[in-house]
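Contents: one structure, followed by commentary.
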Amino acid sequence: MKDAAFHRPFRDAEACLRKLKVSPGGKPAIAKIRTEKHSPQDEESLFRAAMADVVPLDGDRRCPRQPLKNCSIRRPDIHDREETLAAMRRLIVRGEGYTVSDTPEYMEGTGYRLPLEWARRLHRGDFPIQGHIDLHGYTASAARLALESFLSDAIASGKQSVLIIHGRGLSSPGEPVLKNLVKDWLTRRSWRKWIIAFASARACEGGAGATYVLLQPHTATLHRKFQSRSRKFRRSHPIEDGVKQSLNFNLASM
């Protein structure tokens, strides 16, 4: 009579929970799911049984592939191939069509807050070269001393556009050593304030193996300062005899 007075929808669930085994940790044990493995023959028979009442459609509704009409296939022209080979031959033999600024070896830079147009004009050859130095065969330390002495003399003598020949570094095992050092020296604070711009040279003057440098315009104060700086630099940084002779030869040949 007492049970009939209340609605107990989970009476059967309570009985199932009482029969459920609980692990020692307080969590119900996970029942293992029994999986039956069917052989390929059983799967095929099951598929056929499922498809027994399927009726195939009448006719063939596949769309056949039609060949394209009035469409000519363009084949490589012999004249185009010969013209391409001729252009490649001119590029290899005479360097025709080679643009240094379009290669990864090209480098450029400007002074503090100066537009990049200065470097592009420098690369185009808008400024005549007034001096040059060749750093081939120099060690890194000797090249730095020679370059700083050359730039000091160039500024003291009023030269604005000079050329630094450092090579492309093709014999280096990795990246070009001397070329990257020259770029690092030109962008340092001690020299950057005296440099308007620098850029890789044109192909006729060394290409990526040389760099144009545009120096600040000559003034009387700047002239006296760099004359004094050049003399102090030579006294405080003596150059080896071999490097000094090579440097004097390069400066005399300008």
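Rule-based calculations on the coordinates, nothing more; no lab input. On a predicted model such as this, the values are computed, not experimentally measured, just so you know. Neighbour counts run over all protein chains shown; Cβ positions are idealised from the backbone, glycine included.
Confirm whether G206 is within 25 Å of the chain's Cα centre (by Cα), closer than 20 Å to Q130 by Cβ and touching a residue at least 12 places away in the same chain (Cβ under 8 Å). Before the answer, list the steps.
Values: within 25 Å of the chain's Cα centre (by Cα): yes; closer than 20 Å to Q130 by Cβ: yes; touching a residue at least 12 places away in the same chain (Cβ under 8 Å): yes.
For G206, the condition - within 25 Å of the chain's Cα centre (by Cα), closer than 20 Å to Q130 by Cβ and touching a residue at least 12 places away in the same chain (Cβ under 8 Å) - is met.
Suppose the filter is surrounded by fewer than 19 Cβ atoms within 10 Å (Cβ to Cβ), in contact (Cβ under 8 Å) with a residue 12 or more places away in the chain and hydrophobic (A, V, I, L, M, F, W, C); does I133 pass it? Let's see the steps before the verdict.
Numbers: surrounded by fewer than 19 Cβ atoms within 10 Å (Cβ to Cβ): no; in contact (Cβ under 8 Å) with a residue 12 or more places away in the chain: yes; hydrophobic (A, V, I, L, M, F, W, C): yes.
No, not satisfied.
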* Taking only region 148-175 into account, find how many residues are surrounded by fewer than 22 Cβ atoms within 10 Å (Cβ to Cβ), within 25 Å of V100 (Cα to Cα) and in contact (Cβ under 8 Å) with a residue 60 or more places away in the chain. => 1
* Quick one: which residue in W185, W191 is in contact with a Leu (Cβ under 9 Å, 6 or more places away or on another chain), surrounded by 17 or more Cβ atoms within 10 Å (Cβ to Cβ) and more than 26 Å from C204 (Cβ to Cβ)? => W191
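Check region 166-178 and report whether any residue there is hydrophobic (A, V, I, L, M, F, W, C) and under 18 Å from Q216 (Cα atoms). Break it down stepwise before answering.
Within region 166-178, the first condition is being hydrophobic (A, V, I, L, M, F, W, C), and the residues that meet it are 170, 177-178.
This time we only want the ones that are under 18 Å from Q216 (Cα atoms), so: none.
Looking through region 166-178, none of the residues is hydrophobic (A, V, I, L, M, F, W, C) and under 18 Å from Q216 (Cα atoms).
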